[in-house]
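Heads up: the structure comes next, in structure tokens.
The values are calculated or read from the model by the stated rules, or taken from the named source; none is laboratory data. Predicted, not measured: the structure shown is a model, and the values here were computed from it. Neighbour counts are summed over all protein chains in view; Cβ atoms, including those assigned to glycine, are modelled from backbone coordinates with ideal geometry. To get the accessible areas, we keep the full protein, side chains included, count just its heavy atoms, and leave off ligands, DNA and RNA. Shrake-Rupley method; radii C 1.70, N 1.55, O 1.52, S 1.80 Å.
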Amino acid sequence: MTTHWWRHAAIYQIYVRSFADGDGDGTGDLAGVRSRLPYLRELGVDALWFTPWYTSPMADGGYDVADYRDIDPLFGTLAEAEQLVVAAHEHGLRVLIDLVPNHCSDQHVWFRDALAAGPGSPERERFWFVPGRGGSGELPPNDWTSYFGGSAWTRVTEADGSAGPWYLHMFAPEQPDLNWEHPEIRAEFEDILRFWLDRGVDGFRIDVAHGLEKKPGLPDVGPDPDVTDLPYQDCDAVHDIYRSWRKILDEYDGERTFVGEVWLPTPEQSARYLRPDELHSAFNFDFLCCAWDADALRRVVEETLAGHAPVAAPPTWVLSNHDTIRHVTRYGRADTSFDMGDKRLLDPSDPVLGRRRARAAALLTLALPGGVYVYQGDELGLPEVQDLPDALIQDPTFVRSGGADRGRDGCRIPLPWGPGPSLGFSPEGAAAPWLPQPESWSALSVAAQHTDPESFLTLYRAALALRRERLVPLPESLTWVESGAGTVCFDRGPGGFRCLLNVSAAPVPLPRGAEVLLASGPLPDGTVPPDTTVWLAL
Ligand code: TEU
């Protein structure tokens, strides 16, 4: 039976290092995840997305993969991963894994071989080794900058000590970009897909899906580039890769799926990745970046729906992930918008306001048609940790930016599960968590929220259950309702479901005769207060 589960799935993102520690070394692992599967089932999500669990030196938290067919010992073993897929399925949870095809680790056998084999060798053709500019090749081959700051090129020192060519890395130097024009790279990744599909995974999240192909000749970006036409992203050839992958995926039964991390300036560009013979869905970063403003939110929802309609792909809704500032903190700032270059980690944030808005945002996203992502800790209302001491920061963006960007560790703090040291993240007597948890998080732990009817966790559970029961069966559309300035209001139907969000500074009346199904906060005197969402049956 075809269920099209991926069109309306609630997918929970597990950042493995920080979810739960089973073996007591202070780092999350597969054993930890396995022990928490009942929690995830009870939460009411449909699928889990695991950030990279492969063998990795962890220069970028596992997005530097040294072996795509094995599990890092920090996290467990391949056998444990296989068992985890089975166990997740037994809990009614599908499994998506993170595929990182743009680059590998500098410790991957291919890159080590390439360095050892020397200039002009076939081993080097799997990457972008290019002679430098300037009289003696002392300048990088072009002006590209790394997404993590600094040049996207690092010069090689050859075995004999001489200065060699440069190699391309759009992220950290420990993450050399692969040359996707090389047939071996294509063949290898097709084989990696099959390796994991054979092990029962239900699909893949594709890292930097827009970045694999580069413009021929690697031209300079120049001083005033057209951001829709950069030489290192969204090159047309990338679509052929996804067409060939889609064919492979479709050979397997069980409705396997691809979700792309497609981060591009226009909805038209993103939609091309979602044509029927390419990826099934992509993250909606425009929504994540949107300011807390009724007109802006309505506009981004409208544009999302309009952008997806021509390719008949389901929209997705996401508020936070392991690369962004947690939305409880974003929504409590004076400027609630976000972009990937957001360096305002230290901006003050009103925690009460941020929490109220985050609850309202949860009910908004969970009411919209399409798929939805929950980043671990969203359901607990975790804020960004803004005061990590410099010495503890591990994200490479911190060092690469000379400290200007404090990095993404603040949204990657180990989860609080209960009382005690490490707030139940690790078993008793374990090493300290790899990043310290704020003491105040004991009040946000799963145990603290579990039975509290007012908690974030209770709200998420109730919303996910109602969504599954009432909204998932509905057509993938909404009808806007005129509801006054500062509000966002739409109906889903048939069946008389209404979602009303009040973003204005004054309370708005509840529609007469409507039954309240769920609200993100108290509704005094028949009104919806500011920064509150309510789900209604008309
Ligand atoms: O992110 C790609 C991406 O666009 C972001 O890295 C962004 O530029 C960056 O977070 C700014 O700080 C993916 C992963 O989600 C991210 O965790 C990895 O670091 C990155 O790819 C490299 O693999």
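Worth pointing out:
- Filter result (part of a strand (DSSP E or B) and open to solvent by 30 Å² or more (accessible area, probe 1.4 Å)) within segment 493-529: ARG498, PRO509, GLU515, VAL516, LEU517, THR527
- Among the residues of this structure, GLY354 counts as one that is open to solvent by less than 60 Å² (accessible area, probe 1.4 Å), farther than 17 Å from TYR15 by Cβ and in contact (Cβ under 8 Å) with a residue 24 or more places away in the chain.
- Residue satisfying condition, being open to solvent by 10 Å² or more (accessible area, probe 1.4 Å) and either within 13 Å of the ligand (Cβ to nearest atom) or more than 20 Å from the chain's Cα centre (by Cα) (or both), within set GLY24, GLY62: GLY24
- Any chance ALA79 is outside the structural domain of TRP153 (by TED's automatic domain parsing) and within 16 Å of the ligand (Cβ to nearest atom): no
- Each residue in segment 420-432 was checked for being surrounded by fewer than 22 Cβ atoms within 10 Å (Cβ to Cβ) and part of a loop (DSSP other than H, G, I, E, B), and 7 pass.
- Check on PRO165, modelled with pLDDT of 95 or more, assigned to a loop (DSSP other than H, G, I, E, B), over 19 Å from ASP395 (Cα atoms) and open to solvent by less than 30 Å² (accessible area, probe 1.4 Å): no
- Test: PHE398 is within 16 Å of the ligand (Cβ to nearest atom), hydrophobic (A, V, I, L, M, F, W, C) and in contact with a helix residue (DSSP H, G or I) (Cβ under 7 Å, 6 or more places away or on another chain): no
- Meets criteria (open to solvent by 30 Å² or more (accessible area, probe 1.4 Å) and away from the ligand (no atom under 16 Å from the Cβ)) for ARG359: yes
- Consider segment 190-237 and keep the residues that are basic (Lys, Arg) and not in a strand (DSSP E or B). The one that is farthest from TYR68 (Cα to Cα) is LYS215.
- Matching residues in segment 129-162 - criterion: being within 16 Å of the ligand (Cβ to nearest atom) and in a loop (DSSP other than H, G, I, E, B): TRP144, SER146, TYR147, PHE148, GLY149, GLY150, ALA152
- Residue in segment 452-463 that is open to solvent by 60 Å² or more (accessible area, probe 1.4 Å), assigned to a loop (DSSP other than H, G, I, E, B) and at positive phi present: no
- Residue within segment 464-480 that is small (Gly, Ala, Ser), in contact (Cβ under 8 Å) with a residue 40 or more places away in the chain and open to solvent by 40 Å² or more (accessible area, probe 1.4 Å) present: yes
- Every test in (1) farther than 21 Å from GLU213 by Cβ; (2) within 16 Å of the ligand (Cβ to nearest atom); (3) in a helix (DSSP H, G or I) is passed by PHE338 save one, and that test is (3).
- Being out of contact with any helix residue (DSSP H, G or I) (no Cβ under 8 Å at 6 or more places or on another chain) and hydroxyl-bearing (Ser, Thr, Tyr) holds for only one residue in SER162, SER121, and it is SER162.
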